[in-house]
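Shown next, in structure tokens, is the structure this report addresses.
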Amino acid sequence: MNFFSKIFGHPKNNPAQKQVERSKYMPEEKTPVDELFTINFKKNGGKFLYCEDKDEALALLNDILDENDWKEKPLLTLDKNMALFCTNAGYETTYKIQGAGVFFTSCEHLIALNGSILVSDSQFGENKLPDLPEIIIVFAKTSQMLETIQDGLKQIKKNYPKQIPGNITAIKNFKKETEGQKDFMSYGSSNKDVYLILLEDL
């Protein structure tokens, strides 16, 4: 069963329709990682888009750019694979932050427990989040979902056995706040408009 089916359910297999009674002594059912991530990511203010293949991913990217009139400026991408992805689709890319309107990137992992996106200098280079454009479009795969940040850090160590990347950051503030809404907990953070294009690969 693909990600979309697990999240939204199949009419014939929807657990809500079965009305199975559970004993109060039974342990609580654990929310699946993919469902938990989706719930928390949306709570954080992220815009979630699901696709089943790369052609659909490109169509979603085109829709995002077209709907918001962001096609006039080149896409900022510091990830060579994402730059190639855009070039093959006919989009102009740049490595220069100045003048870029949209940042298009991959990520290391998606963290279900808090709905965050784990990135490193493989995607950001030496740049900090406040330095990047206000609009960020993240391209990720369902296989990159993990439960906790600790799980993400362990997997990064496995993925980079020779040298662990630096600048590892968990992005999770996607809601725009006015100055009046900010408090000491948000001081130093930088909220961005974040779109996530999630590709099914499981």
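Residues that are surrounded by fewer than 20 Cβ atoms within 10 Å (Cβ to Cβ): which strands (runs of 3 or more DSSP E) entirely in the stretch 88-150 hold 1 or more of them?
It comes to 135-141.
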Collect the residues in the stretch 55-78 that are among the charged types (D, E, K, R), at pLDDT 90 or above and either assigned to a loop (DSSP other than H, G, I, E, B) or surrounded by 15 or more Cβ atoms within 10 Å (Cβ to Cβ) (or both), keeping them in residue-number order. 56
Hey, can you tell me all the residues within the stretch 158-202 that are at pLDDT 90 or above and over 20 Å from the mean Cα position of the chain (by Cα)? 158, 160, 161, 162, 163, 164
From the option list 30, 6, single residue qualifying as assigned to a loop (DSSP other than H, G, I, E, B), at pLDDT below 95 and within 30 Å of residue 168 (Cβ to Cβ) is 30
With respect to residue 84, determine if the residue is of a type in the set (A, V, I, L, M), part of a loop (DSSP other than H, G, I, E, B) and farther than 17 Å from residue 64 by Cβ. no
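Any idea how many residues of the stretch 93-102 are touching a Ser or Thr at 6+ places or on another chain (Cβ under 7 Å) and either within 20 Å of residue 168 (Cβ to Cβ) or β-branched (Val, Ile, Thr) (or both)? Break it down into steps so the answer makes sense when it comes.
First, pick out the residues of the stretch 93-102 that are touching a Ser or Thr at 6+ places or on another chain (Cβ under 7 Å): 93, 100.
Subsequent filtering for residues that are either within 20 Å of residue 168 (Cβ to Cβ) or β-branched (Val, Ile, Thr) (or both) retains 93.
Residues meeting the conditions: 1.
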Out of the residues in the stretch 121-143 that are at pLDDT below 95 and small (Gly, Ala, Ser), state the one that is nearest to residue 84 (Cα to Cα). 122
When residue 172 is run through (1) surrounded by fewer than 16 Cβ atoms within 10 Å (Cβ to Cβ); (2) of a type in the set (D, E, K, R); (3) within 23 Å of residue 64 (Cβ to Cβ), the failure sits at (1)
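The values are calculated or read from the model by the stated rules, or taken from the named source; none is laboratory data. Model, not experiment: these values are computed from the prediction. FYI the Cβ positions are ideal-geometry reconstructions off the backbone, even for glycines, and counts take in every protein chain you see.
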